[in-house]
Each structure stands twice: as C-alpha cells, then as structure tokens.
1. Hey, can you tell me all the residues within the range 83-108 that are within 21 Å of Leu14 (Cβ to Cβ) and part of a strand (DSSP E or B)?
2. Failed condition for Ala11, given (1) at pLDDT 95 or above; (2) under 19 Å from Pro94 (Cβ atoms); (3) surrounded by 14 or more Cβ atoms within 10 Å (Cβ to Cβ), with all others met?
3. Anything in the range 50-89 that is over 10 Å from the mean Cα position of the chain (by Cα), at pLDDT 90 or above and hydroxyl-bearing (Ser, Thr, Tyr)? List them, or say none.
4. Give me the pairs, please: first residue somewhere in the range 9-30 and more than 20 Å from Gly77 (Cβ to Cβ) and part of a strand (DSSP E or B), second residue anywhere and of a type in the set (D, E, K, R) and at pLDDT 85 or above, beta-carbon distance under 8 Å, and either six or more positions apart or on two chains.
Amino acid sequence: MLTDADRAQMAADLAAIRDDRAVSIVIRRGNQTLAAQTVRIARGGNIQAGATDAEAVQAAIAPVVVVGDASLNIQPGDRFTAQGTLYQVTALHPHRDAGVQAQARAVQ
C-alpha cells in the first residue's frame, strides 16, 4: 500500500519528468479557453513497422501523452495546439495520485 510519502515522491518524480521538456498549452473546451498550463507532451503509441502508404497517415495521427501535475485541468474532447499541431484529448488515465496523464491525437 502506498504511503503519503510514496505519493509525494511520485508527484515530485512526475514533476521532474514534466519540467525536463515542459511546454505551455492553452486548452479550448467548447466555447471556453482555459488559462495556460504547463505539461510535457510525449509520443505515445506505436507506429506499425512495415506499413506502406499508411505510414504518413499513421505518423500524422499517432497519439501523444500529455503529462501534468494533479491540478491539470484537461478532459476528453479538449483541444490544444502545441508546436503548430492541433490535438484533441481522447482519454484520461484513471489514477491521479501523482499527476494527470491524458492521451491526445493530432487532428490537423
């Protein structure tokens, strides 16, 4: 069983990972625009080896993981732009003891 100290260490570790390649994103939720939030965006998912013409399409829609601290305000359907690419959030990891992890896909 995790202790409070374990959870605190996990949160600190996740913050260090996020801050190693931190980016600021502004989430759009319907007609709302949220304040900028600091996250790390990492490639998440595998591109199939041996794909032919589908490689370019697969690369364009390959999922990413968005990592933030426990206060990250993000939910499925949200959209944000990072490094010139528009993303849409597709899912959230259910466990949020140390931080928030969301999966997103490029939509443009």
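The values are calculated or read from the model by the stated rules, or taken from the named source; none is laboratory data. Since the model is a prediction, treat every value here as computed from it, not as a measurement. Here Cβ is always computed from backbone atoms with ideal geometry, including for glycine, and neighbour counts include all displayed protein chains.
1. Result: Tyr87, Val89, Thr90, Ala91, Leu92, Val100, Gln101, Ala102, Gln103, Ala104.
2. Only one criterion is unmet by Ala11, namely (1).
3. Hits for the range 50-89 are Ser71, Thr81, Thr85.
4. Val23/Arg40
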